Amino acid sequence: MTSPGLERLLPALPPGKSWLAVGHGESGDSVYRRSDNAAFAKLSDRSAVALAGERRRLEWLSGLGFGSPEPLDWFESGAGACLVTSAVPGVSANELDGRQLLQAWPSLVARLGALHALAAADCPFERRLSSMLSRAADVVARGAVNPDFLSDEQRKREPADLLAALEAERDRRLVQERQDLVVCHGDACMPNFMVDPDTLDCTGLIDLGRLGTADRYVDLALMVANAGESWAGPDQAETAFRLLFEGLGLDQPDRERLDFYLRLDPLTWG
């Protein structure tokens, strides 16, 4: 539950409008929707640094006409911080059934491809492998790994062992990263793709607090794995996998690289 001190950061609204609690993000931030669906507010009772970073990313990306949320307001106090953004129309892709998602899939792939096509050299934010591994090391050292984010196989091992296995691949993955550095979303899961429920076209990307330059497989691993929860069977999953890599012009999917980043991501939350 959001503390009353933190809720006081929500900006006042005109008569007849209110802020409605809609849940929490993966980061633990509280999310509110304006009753007229025109805006969202994210409240953080942790350090305001992460939320301020998301604000800067939105400011940068919204200036490129990408269809991402625009930052509308910012409030900060000793209790925490509040970021208010415009709403991206549509529904989250995870609300679609397998048939609908497969129809929307090429549009999702195109939206991700457009993000990856932005000039990496012009992006002022980074999420390189070295920083991801450092983050994972900190989470593991604090005993803050969330077991709900781990696969069944990962839960059988100690987090320190999981991290050591990833570190053993560091040098090889750094070479791949230098060869395939793009602007990544950083959390390319289905809830962060917005879709027009009538046309099934992707309308934009949300929750961009992890946006930065990284190996494109950071996004591909999460997109493949998270969408897997929506498919009705292996045929849909295989079709989506093929369309993803064809749509991005990648002739030979690197399944080992997909696996590496899928194993790393759960250790970076906490």
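Among what's in the stretch 247-260 and is outside any helix (DSSP H, G or I) and acidic (Asp, Glu), pick the residue that is surrounded by the fewest Cβ atoms within 10 Å (Cβ to Cβ).
Within the stretch 247-260, the subset outside any helix (DSSP H, G or I) is 248-254.
Those left that are additionally acidic (Asp, Glu): 251, 254.
On the way: Asp251: 6, Asp254: 15.
Ranking the candidates gives Asp251 first.
Which residue is farthest from Gln252 (Cα to Cα), if the candidates are limited to the stretch 162-199 and must be acidic (Asp, Glu) and either without any contact (Cβ under 8 Å) to a residue 12 or more places away in the chain or in contact with a strand residue (DSSP E or B) (Cβ under 9 Å, 6 or more places away or on another chain) (or both)? Can you show your working first?
The first filter runs over the stretch 162-199 and keeps only residues acidic (Asp, Glu), leaving 167, 169, 171, 177, 180, 187, 196, 198.
Subset that is either without any contact (Cβ under 8 Å) to a residue 12 or more places away in the chain or in contact with a strand residue (DSSP E or B) (Cβ under 9 Å, 6 or more places away or on another chain) (or both): 171, 177, 180, 196, 198.
Numbers: Asp171: 21, Glu177: 16, Asp180: 14, Asp196: 31, Asp198: 33 Å.
Residue satisfying both the conditions and the ranking: Asp198.
Determine if the stretch 200-217 includes at least one residue that is free of Cβ contacts under 8 Å to residues at least 60 places away in the same chain and surrounded by fewer than 19 Cβ atoms within 10 Å (Cβ to Cβ).
no
Just to be sure, is Ala114 free of Cβ contacts under 8 Å to residues at least 60 places away in the same chain, surrounded by fewer than 16 Cβ atoms within 10 Å (Cβ to Cβ) and within 16 Å of the chain's Cα centre (by Cα)?
Against the criterion (free of Cβ contacts under 8 Å to residues at least 60 places away in the same chain, surrounded by fewer than 16 Cβ atoms within 10 Å (Cβ to Cβ) and within 16 Å of the chain's Cα centre (by Cα)), Ala114 qualifies.
Going by the structure shown, is Ser151 hydroxyl-bearing (Ser, Thr, Tyr), in the same structural domain as Glu229 (by TED's automatic domain parsing) and assigned to a loop (DSSP other than H, G, I, E, B)? So that I can check it myself, show each step before the final result.
Values: hydroxyl-bearing (Ser, Thr, Tyr): yes; in the same structural domain as Glu229 (by TED's automatic domain parsing): yes; assigned to a loop (DSSP other than H, G, I, E, B): yes.
Yes; evaluated as a whole, the condition is true for this residue.
Within the stretch 169-193, take every residue that is in a strand (DSSP E or B) and among the aliphatic types (A, V, I, L, M) and give me the one that is nearest to Glu256 (Cα to Cα).
Taking the candidates together, the pick is Leu181.
If the requirement is being out of contact with any Cys (no Cβ under 6 Å at 6 or more places or on another chain), part of a helix (DSSP H, G or I) and either at pLDDT below 95 or closer than 14 Å to Ile206 by Cβ (or both), which of these qualifies: Leu64, Leu108, Leu115?
Exactly one residue qualifies, and that residue is Leu115.
Mind listing whichever residues of the stretch 72-94 are closer than 14 Å to Arg33 by Cα and in contact with an Asp or Glu (Cβ under 9 Å, 6 or more places away or on another chain)?
Cys82, Leu83, Val84, Thr85, Ser86, Pro89, Gly90, Val91 - these are the residues of the stretch 72-94 that are closer than 14 Å to Arg33 by Cα and in contact with an Asp or Glu (Cβ under 9 Å, 6 or more places away or on another chain).
Tell me the residue from Leu83, Leu102 that is modelled with pLDDT of 95 or more and in contact with a Lys or Arg (Cβ under 7 Å, 6 or more places away or on another chain), please.
Leu83
Please work out if Asp97 is within 17 Å of Tyr32 (Cα to Cα) and surrounded by fewer than 17 Cβ atoms within 10 Å (Cβ to Cβ).
Judged against the criteria, Asp97 is not a match.
Being under 14 Å from Cys189 (Cα atoms) and of a type in the set (Gly, Ala, Ser) is the filter here; which residues of the stretch 228-239 pass it?
Across the stretch 228-239, the qualifying residues are Gly228, Ser230.
State yes or no: is Ala81 out of contact with any Cys (no Cβ under 9 Å at 6 or more places or on another chain), farther than 26 Å from Asp198 by Cα and buried (at least 16 other Cβ atoms within 10 Å of the Cβ)?
Values: out of contact with any Cys (no Cβ under 9 Å at 6 or more places or on another chain): yes; farther than 26 Å from Asp198 by Cα: yes; buried (at least 16 other Cβ atoms within 10 Å of the Cβ): yes.
Here the answer is yes, as Ala81 does meet what is asked.
Exactly one of these conditions fails for Asp36: (1) closer than 20 Å to Ala225 by Cα; (2) surrounded by fewer than 17 Cβ atoms within 10 Å (Cβ to Cβ); (3) not small (Gly, Ala, Ser). Give me its number.
Here Asp36 meets the rest and fails (1).
In the stretch 214-232, what residues are part of a helix (DSSP H, G or I) and among the acidic types (Asp, Glu)?
Of all residues in the stretch 214-232, those part of a helix (DSSP H, G or I) come to 217-227.
Hit for the stretch 214-232 is Asp219, nothing else.
Whether any residue in the stretch 233-246 is out of contact with any Gly (no Cβ under 9 Å at 6 or more places or on another chain), in a loop (DSSP other than H, G, I, E, B) and modelled with pLDDT of 95 or more is what I want to check.
Checked against the condition, which is being out of contact with any Gly (no Cβ under 9 Å at 6 or more places or on another chain), in a loop (DSSP other than H, G, I, E, B) and modelled with pLDDT of 95 or more, the stretch 233-246 yields no hits at all.
The values are calculated or read from the model by the stated rules, or taken from the named source; none is laboratory data. Because the structure is a prediction, the values reported are computed rather than measured. Neighbour counts are summed over all protein chains in view; Cβ atoms, including those assigned to glycine, are modelled from backbone coordinates with ideal geometry.
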